[in-house]
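Down below is the structure, laid out as structure tokens.
The values are calculated or read from the model by the stated rules, or taken from the named source; none is laboratory data. On a predicted model such as this, the values are computed, not experimentally measured, just so you know. Cβ placement follows ideal geometry from the backbone for every residue including glycine, while neighbour counts extend to all protein chains displayed.
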Amino acid sequence: MKKETRERLIDSAFAIFYKQGYQGANIATILQDVNINKGSMYHFFKSKKELGLAVVDERIRKNIITKYQAVLENNRPYMTLFEILRSSPDTLIYGCPLNKMSQEMLYIDKEFKNVLTSVYQDFESCIANILEKAITLGEIDNCDTQVRARLIIAGYEGALMIYHLNQNRNQYNAVIDALKEQL
């Protein structure tokens, strides 16, 4: 029961931080969502910050690794990667969870910076591993997988910004498609 409550707290905090931002989120909203009192939360997390760090480490990192590990297991990893990027409905609504939290917390708190940097490095490594497999399978030509991974992430984040500014899925798709073709 204790582990389940902790997981529900992290899940609720993830959803609320994702929609409202870390600083805009209120602990009372999370507690109400999970239907526990403040004392129960402090049994698991000493502060909102500790809960936020757990969200980044245990949800955002886990989601990235799970999502891109599935791509790595595909026999057309490069094409599958771009299919996944093209069809990311949640990120079109609220943006990339890692990018959102980074934009908000990177320069405010050193502990957040450290965990966000670590999660980004995992994200980059996941994409680089996909590219390495794509090279091995002959799906793409040999390249510097670290640099190309960074370009893919930067292009993806830029496409999300374009979508959020214009609310135009076609513009988003066009950027993702061009990124796939140009790299």
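Can you run down the residue pairs with Cβ atoms below 7 Å, 6 or more apart or on separate chains, where the first is in the range 161-182 and in a helix (DSSP H, G or I) and the partner is surrounded by 12 or more Cβ atoms within 10 Å (Cβ to Cβ) and charged (D, E, K, R)? Filtered contacts from the range 161-182: 163/169; 173/86; 176/86.
Which of the residues that make up the range 142-183 are more than 20 Å from residue 91 (Cβ to Cβ) and modelled with pLDDT of 95 or more? Result: 142, 143, 144, 145, 146, 147, 148.
The number of residues in the range 3-22 being buried (at least 19 other Cβ atoms within 10 Å of the Cβ) and assigned to a loop (DSSP other than H, G, I, E, B) comes to 1.
Condition check ((1) in contact (Cβ under 8 Å) with a residue 12 or more places away in the chain; (2) under 30 Å from residue 44 (Cα atoms); (3) touching an Asp or Glu at 6+ places or on another chain (Cβ under 7 Å)) across all residues:
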site	(1), (2), (3)
68	yes, yes, no
91	yes, yes, no
117	no, yes, no
132	yes, no, no
156	yes, no, no
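For residue 25, the criteria (1) without any contact (Cβ under 8 Å) to a residue 60 or more places away in the chain; (2) in a loop (DSSP other than H, G, I, E, B); (3) closer than 28 Å to residue 131 by Cα hold in every case but one, which is (3). Scanning the range 45-61 for residues being more than 20 Å from residue 95 (Cβ to Cβ) and under 11 Å from the mean Cα position of the chain (by Cα) gives a total of 0. On the stretch given as the range 92-109, residues that are among the hydroxyl-bearing types (Ser, Thr, Tyr), within 13 Å of the chain's Cα centre (by Cα) and surrounded by fewer than 20 Cβ atoms within 10 Å (Cβ to Cβ) total 1. Residues that are surrounded by 13 or more Cβ atoms within 10 Å (Cβ to Cβ) and farther than 17 Å from residue 98 by Cβ within the range 152-181 comprise 162, 171, 172, 173, 174, 175, 176, 177, 179, 180, listed in sequence order. Can residue 143 be described as under 15 Å from the mean Cα position of the chain (by Cα) and of a type outside the set (Gly, Ala, Ser)? For residue 143, the condition - under 15 Å from the mean Cα position of the chain (by Cα) and of a type outside the set (Gly, Ala, Ser) - is not met.
With respect to the conditions (1) exposed (fewer than 15 other Cβ atoms within 10 Å of the Cβ); (2) farther than 24 Å from residue 78 by Cβ; (3) modelled with pLDDT of 95 or more; (4) not hydroxyl-bearing (Ser, Thr, Tyr), residue 112 falls short on a single one, namely (1). Among the candidates 69, 121, the residue that is within 17 Å of the chain's Cα centre (by Cα), modelled with pLDDT of 95 or more and assigned to a helix (DSSP H, G or I) is uniquely 121.
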